[in-house]
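Below is one structure; the comments refer to it alone.
The values are calculated or read from the model by the stated rules, or taken from the named source; none is laboratory data. Note that this is a predicted model, so its numbers are computed, not measured. Note that we place each Cβ from the backbone using ideal geometry, even for glycine, and neighbour counts take in every protein chain shown. Surface accessibility is based on the protein's heavy atoms, side chains included, excluding ligands, DNA and RNA. Shrake-Rupley method; radii C 1.70, N 1.55, O 1.52, S 1.80 Å.
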Amino acid sequence: MLLEDFNHIIRSRRSHYAFDFSEKKIDKNTIETIVTNGLWAPTHKLTQPWRFVILEGEHPNNIGGYMADYYREIYTEDEFSTERFEQTKTYASNATLLALIFQPSKKVQLPEWEEIAAISCAVQNMWLTCTAMNIGSYWDTGAATLKYVQEYVTMEEDEKCVGIFYMGHLKDDLPNINRRRKPISKKLSWQS
C-alpha cells in the first residue's frame, strides 16, 4: 500500500449512522476481518482489555424500541417528537451491532484510562478497516446504548460496556459531505 492510499483511508474515515445503512447484511468473514484488525491495537503489557459481542437475532430491532422508550422518558414532546420516536424504533434494523466490553486484566494492574485508550485504538482499527471496505460505521456511547447492553449482554462483575460499534453497508444515494479539520498550524507547535 502506498502512503497516499493510507492517508486517504485515514482522512476519509467518518461516522455513518444507522439510517445510512442499506438492508444488505455484512457477512461473517467480513465481520471477523474487521474485528481481527481491532485485536491488533496496541495494549500496555498486552492486556488486550476487551471482548466483543455481536448482537444478532432481534437485537437490531429491539434496541431501537429500547432507545425510543428511553428518550421518551427523559425528553419532552418538543425535544423528542412523535415522528422522531417512531423513526428511532426502527433505527438499527439494518445495522450489525458489536458490543464493546471493557475487560480489565486480572494479571496486571494498569490505570483504567490506559485500558480505555487501548480499546479506543481497537475501535479505530475497526473503523479504518470499515472505511477501507466501504462499510459505514460509528461508535455509540449514549446512555440508552450502555443501559441496553448492561441489561441484555451477560457480563462478569468487573466488566463494563463502553458502547456499541454500529456497522452496515452504505446506501447508494448518500450525499457526499465535506469534512473539515483545523489546519496543522493550529494543532502542532514546536518547542526547544
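Scan the stretch 34-64 residue by residue and report those that are surrounded by fewer than 16 Cβ atoms within 10 Å (Cβ to Cβ) and in a helix (DSSP H, G or I).
Thr36, Leu39, His44, Lys45, Leu46, Asn61
Checking the structure you have, find out if any residue of the stretch 12-29 is without any contact (Cβ under 8 Å) to a residue 12 or more places away in the chain and charged (D, E, K, R). First the steps, then the outcome.
Looking only at the stretch 12-29, we keep the residues that are without any contact (Cβ under 8 Å) to a residue 12 or more places away in the chain, and these are 27-29.
Checking the rest, the ones that are also charged (D, E, K, R) come to 27-28.
Taking every residue of the stretch 12-29 in turn, at least one turns out to be without any contact (Cβ under 8 Å) to a residue 12 or more places away in the chain and charged (D, E, K, R).
Collect the residues in the stretch 1-27 that are farther than 16 Å from Ala132 by Cα, touching a strand residue (DSSP E or B) at 6+ places or on another chain (Cβ under 9 Å) and either in a loop (DSSP other than H, G, I, E, B) or open to solvent by 70 Å² or more (accessible area, probe 1.4 Å) (or both), keeping them in residue-number order.
Tyr17, Ser22, Glu23, Lys24, Lys25
Give the number of residues within the stretch 3-18 that are touching a Lys or Arg at 6+ places or on another chain (Cβ under 9 Å) and under 18 Å from Asp173 (Cβ atoms).
1
Given (1) more than 16 Å from Glu56 (Cα to Cα); (2) open to solvent by 80 Å² or more (accessible area, probe 1.4 Å); (3) assigned to a helix (DSSP H, G or I), where does Asn125 come up short, assuming only one miss?
Of (1) more than 16 Å from Glu56 (Cα to Cα); (2) open to solvent by 80 Å² or more (accessible area, probe 1.4 Å); (3) assigned to a helix (DSSP H, G or I), only one is false for Asn125: (2).
Would you please list the contacts, defined by Cβ atoms under 7 Å and residues six or more apart or on different chains, that run from a residue in the stretch 150-175 that is farther than 25 Å from Ala118 by Cα and of a type outside the set (Ser, Thr, Tyr) to a residue that is open to solvent by 20 Å² or more (accessible area, probe 1.4 Å) and not in a loop (DSSP other than H, G, I, E, B)?
Leu170/Asp20; Lys171/Asp20; Leu174/Asp20
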